[in-house]
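Let me begin by presenting the structure, written as structure tokens, before commenting on it.
Please treat every number below as a calculation from the coordinates, not as lab data. Since the structure is predicted, the reported quantities are computational estimates derived from the model, not experimental observations.
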Amino acid sequence: MRLLVVEDDPYWQQAIQAIVTHRPDYRIVAMCGSLREGLHAVQEEGFDLMIVDLGLPDGSGIDVIRAARRHHPDAEILVATVFADEENVVAAIYAGATGYLVKEATPEQWSAAIDS
């Protein structure tokens, strides 16, 4: 499973890496810290699952979701964010997200979300 991660916070980057490290069948193909980097990676990298934050320093992760859906229509897109309000959830799903996880979820919930 190839993962593309779009997350600007180093703490959450490391947390995602820690979860993936223990899974030999998972590989992070790109770790992006901004909207610009995420948009570039979506065009350049092959991936099966994208984990994306909505609050990026230079824009919204929803723009990355839309781009990913255009370039990789069969990829799974998991939103991992602190924004759990209905407006953000609906906007992310409408843009093409297939899953939604609040960052404060337990490691077990993170693993289950990535697996599903």
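General remarks:
- Taking a ≥ b ≥ c as the square roots of the eigenvalues of the Cα gyration tensor, an a/c ratio of 1.5 or more together with a/b no larger than b/c marks the range 1-44 as oblate.
- Extension gain, S111-I93: 0.36 nm per intervening residue step, less the Cα-Cα distance, totals 4.4 nm.
- Anisotropy class of the range 67-108 from Cα gyration tensor, a/c 1.5 cut: oblate
- For the chain, the convex hull spanned by the alpha carbon atoms encloses 86 Å³ per residue.
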